[in-house]
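J.: Attaching a single structure in C-alpha cells format; questions to follow.
Read-outs: derived from the displayed coordinates by stated rules, not from any lab. Please read these numbers as outputs of a predicted model, since none were measured by experiment. Quick reminder, even Gly has a Cβ in these numbers, built from the backbone with ideal geometry, and neighbours come from all protein chains shown.
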Amino acid sequence: MSNRHILQPEDPSALRDQIADIFNPSSSGRFAASGRNNTTEHSHDDTHDGAPDDRTRLLEGYDRRESACGQPECSHGTFSPRPEHQQEPGSQGANYFWGFRAPRFVNSGIQTPITDGTSVTHRLGAEIGAKRRRKLYLYYYIPFFNWIGQYRWDFFRGDLVAALTIASFYIPMALSLSSNLAHAPPINGLYSFVINPFFYAILGSSSQLIVGPEAAGSLLVGTVVKATVESGNSSEMDDAAHAQVVGIVTGLAGAFIFIAGLTRLGFLDNVLSRPFLRGFITAIGVVIFVDQLIPEMGLYDRAEAVNHASTVEKFVFILENGEYAHKLTTAVAFSSFAIIMAFRTLKKTLEPRFPSVVYFPDRLLIVILSAVLTWYFGWDKQGLEILGEIKPGAGSDNGLFQFRWPFSPGQMPHIRSSLSTSFIIALLGFFESSVAAKGLGDGATDGIKGAPVSANREMIALGVANIAGGCFTALPAFGGYGRSKANASTGGRTQMSSIFLSIITLIVVIFFLKYLYYLPKAVLCAMISVVAYSLVEECPHDLRFFIRVRGWSELLLMILIFLSTIFYSLTLGMALGCGLSLLRVIRHATKPRIQILGKLPGTPNQFENAELYPEKIEFVEGCLIVKIPEPLTFANTGDLKNRLRRLELYGTSRAHPALPRVRPVDNDKNIIFDVHGVTSIDASGTQVLLEIVESYVNRRVRVFFCRLPSLDGPVFEIFGRSGIIEKCGGTRHFVSSVDEALRLTEIEDIEDEYRES
C-alpha cells in the first residue's frame, strides 16, 4: 500500500490541523521531542527535494517572534508580529522586551463595560464619588460662576489697568470702524465694547480674550449697508436704517455661531484654509486702504460715481483726481498716519529693552491733540470734516441703547440679503477668536483654575454676545489676538477686565461723547489705514513660505481670491474662497487612502507601503495585501472599487486606467485586507465593502481580513450582520496579523491541491 494511502486523513479538518502544525513554529519543540532518538534516520527524509519558492523564502522570516516595538501584540502601523502566547492579567512571569517588570492595572477610567445605558460621564462621576455634579456642570457651561468664586483682590488692579489701556486704544478705533467701514453711526462701534464684552465675560471660557469690532467684519457689514442703499431700501443719510441693518447682520452672525456651538461644530475653524484666509484678509486690507484714501484726500464729494465700484476702479479714480485733493484734509490725514506708523515702528524697536513702551497711548493722544488743534485753529471752518455731534441713538427717538429685536418678521427683506455675509462674518470672527484663544492658552498660571478653553463653549459665548449686541445695533464683535495679548500683558488675569472695559465704554458713551465734537474724520481714516496696513504686512511672509515649500496650489488659491476680491467685489472673493476651501475639504475626505503593502527584506514581519518604497519591498507571490488605514464612510468608499482595481492591475493607485494590465492575474489569488485603521464603518461603506467581497469571491479569489480592531466591537458586528463574514468563508478568515493571513493562504493552497489530487 502506498504511503499516500497511509497518510490520508479521515476528514478535511484533520488534514488542516496537521498542516497547521507543520507551519506553526510552536510545534517545532514537539516534533523535536518526538523525533530526538531518530534524528539520524530521518535527517535525509525530512529535507525537501525541491528548491523553495519565493513565497516560502519570504515566510521563513515569519517564525521570529520579536515585535518591532517590544510589545507582545504590536499594532503599530504595518508591523504585525504574532504573539508568543496569551498572558493572564496581572501575571508576573511574563518576559517583556523592555525588561522583566510585569504591567500593573491602574485606575484610568471605566473598568467595567457599560450595559445599562448610563453615560460614561455619569459612571465616572459615580466611581470617583463626585458630589454636586449639577454644580460642576453649571460652573463648566457658565464660567462666570467658576471665576467669580476664585476672584481675589490682587486681580483687581491688573484687570482695571488692562481695561483702561484697551479702552484708550480701541474706543477711538471703534468710532472709526463704525463710521468709515460699516457706514453706520459712530456710536454703534462703541456699543460693541459695551454689550459684547459683558456677555462674553459671563459665558466665555478664555479668561484673557477681549472681544470687539474688527476691520474685516466691519467692512463686510458696510457692504450690506451699501447694498440696502443701492436697492432703495434706505437713503445714503438714513443713520437709523443703517443702524438697524447693522443690528440685523450682528444678530444673524451671532445666531449662526450660537447654533453651531449648540450642535458642537467647534471644528468649523478648520474648514477655512490658510491660503483662503490669507488671500481674503490681504485683499480686505487693500480694499480698506484704498477706500480710506478717498476721504483722507477730501475727494468724497467727487467720488459718488465710484462709491460702489471695485477697488481697482477706485484706485484709478484717485490717480485721475489727485489734483483736486483738499490740502488741509490730506495734510491732517497723512501726518496722522505717519505719526502712528512712526510710533508703531518705535515701539517694536524699543520693546525688547523697554517692554512697557507698548502701553504708551499714542493713538489716544493723537485723537485728543487733533481735536484740540481743530478747535483752536478753526480747521472745521476751512473745509476739514469733523465728527460733529454724536447723539446716543442717532437717527432714532428712543435715546441711549435703543432695543430692536433683529429677527422680527418685518425685517425679512434685510435678513434675506444679509444671510450670506453674516455667515462669512461668523466664520471669520470665530476663526480669529479661536486663534487668539489658542494663543493665550488657559490664561495666567496664577489666575483662575479649572477654566479650560472649549471651542464649542466659545461659539455659544460669542453667539450670545453678538445676539445681544444685535438687539442694540452694535457691530459684530469677536476676539482679536492683538487686543487680547495687550490685555494679558498689561495685567489682565480674568474676565473681569472685559466687564471693566464695558463699564468704561459706557461711561464714555454717557459723559464724554460731547468732547469728540471736533475730532477730524481724517484722523479716524488714518487709524483705519494703519489697521489695513497691518492686515497686509503678513502676506509677504506667507508668499515666501509657499514658494519655498513649493505649495503651488495654495499659492494659486491665495492669488485667485485676492485678485477676484480687488478686481470685482468682496462678495465674489468670499464665495470663491469658501467654495474652493470646501471643495478641497470634500476632495480630501472622499479620497480613499488604501495602500498596497510589501514585505521589507531582512525583517521578520515588517510591511510597508509599496508606492512609497518600491525599491525596498518584495511582493508575496499570489497575494495582494491592501491596507485600509481609516474608517469607512459613504464619503471615502465611493471610489474604493476603482482604487482597488488599479492596485490589482498596476500595483499602484496612481497609474492611469488606460494602461494595459501590469501585474499577473495569478498574483491575485488571495487578497488580504489590513483593516486595523477601520475603527468605524457606516451602512454605505458596509454595502460597498460587501459588493467588493462578493466580486472577489465570484472570481474565486480568497478574501482575508486581519488586524480588525476588535472581534467584539461594532465593526465586526456590522460585518456579521451584512454577510461579509459568511461571504469570506467564516471567522477563520479573520486573523490577528498579516503573517497569519499569509500562513492561512499557504494552508488553503495545500488543501486545494490535495482535493484536486
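J.: Can you pull out the trypsin sites (Lys or Arg not before Pro) in the range 332-421 whose DSSP state is coil and whose Cβ has at most 11 other Cβ atoms within 10 Å?
T.: On the way: sites: Arg344, Lys347, Lys348, Arg353, Arg363, Lys381, Arg404, Arg416; in loops: Arg353, Arg404.
Answer in residue order: Arg353.
J.: Using a 10 Å cut-off around each Cβ, can you sort Asp674, Asp752, Asp380, Asp291 from fewest to most neighbouring Cβ atoms?
T.: Asp752, Asp380, Asp291, Asp674
J.: Okay, moving on. Extension gain Asp639-Asp712, at 0.36 nm per residue separation less the Cα-Cα distance, in nm?
T.: Taking Asp639 through Asp712 to full extension adds about 23.4 nm, to one decimal.
J.: Quick check on my link table: of Lys226/Lys514; Lys348/Lys438; Lys347/Lys485, which ones sit more than 20 Å apart, alpha carbon to alpha carbon?
T.: Lys226/Lys514; Lys348/Lys438
J.: Set the Förster radius R0 to 60 Å, insert the Cβ-Cβ distance between Thr603 and Leu563 as r into 1/(1 + (r/R0)^6), and round the FRET efficiency to 0.05.
T.: My answer for the efficiency is 0.70.
J.: Then there's this: Among Val620, Tyr754, Ile681, which residue has its Cα furthest toward the positive end of the charge dipole of the range 592-756, with +1 on Lys/Arg Cβ and -1 on Asp/Glu Cβ?
T.: Of the options given, the answer is Ile681.
J.: May I ask for the distance between the Cα centers of the range 227-271 and the range 555-593, given as a whole number of Å?
T.: Distance between centres, Cα-based: 22 Å.
J.: Picking from Pro406, Phe500, Val306, whose Cα lies most toward the positive end of the charge dipole for the range 151-587 (charges on Cβ: Lys, Arg +1; Asp, Glu -1)?
T.: Phe500
J.: Using only the Cα atoms of the range 232-356, what are the Rg and Dmax in Å?
T.: When restricted to the Cα atoms of the range 232-356, Rg and Dmax are 20.2, 56 Å.
J.: What is the dipole size for the range 614-757, taken about its Cα centre, with +1 at each Lys and Arg Cβ and -1 at each Asp and Glu Cβ, in debye to the nearest 20?
T.: 560
J.: Would you please name the trypsin sites (Lys or Arg not before Pro) within the range 248-312 that are DSSP coil residues with at most 11 other C-beta atoms within 10 Å of their C-beta?
T.: On the way: sites: Arg264, Arg278, Arg302; in loops: Arg264.
Here the sparse-neighbourhood loop sites are Arg264.
J.: Given points 7 Å out from each Cα along the Cα-Cβ axis, report the Arg152 to Val357 separation in nanometres with one decimal.
T.: Distance between the two pseudo-spin positions: 3.3 nm.
J.: Over every pair of different alpha-carbon atoms in the range 592-756, take the mean of 1/r and invert it; report that Kirkwood radius in Å.
T.: About 16.2 Å, per the Kirkwood formula over Cα pairs.
J.: Then there is this: Mean separation of Cα pairs under 8 Å and 6+ residues apart, divided by the residue count of the range 263-381: what relative contact order is that in percent?
T.: On the way: 46 pairs, mean separation 21.3, N = 119.
Relative contact order for the range 263-381 comes out at 18 percent.
J.: Count neighbours as other Cβ atoms within 10 Å of each site's Cβ, and list the chymotrypsin sites (Phe, Trp or Tyr not before Pro) in the range 497-540 that are DSSP loop with at most 16 such neighbours.
T.: Tyr517
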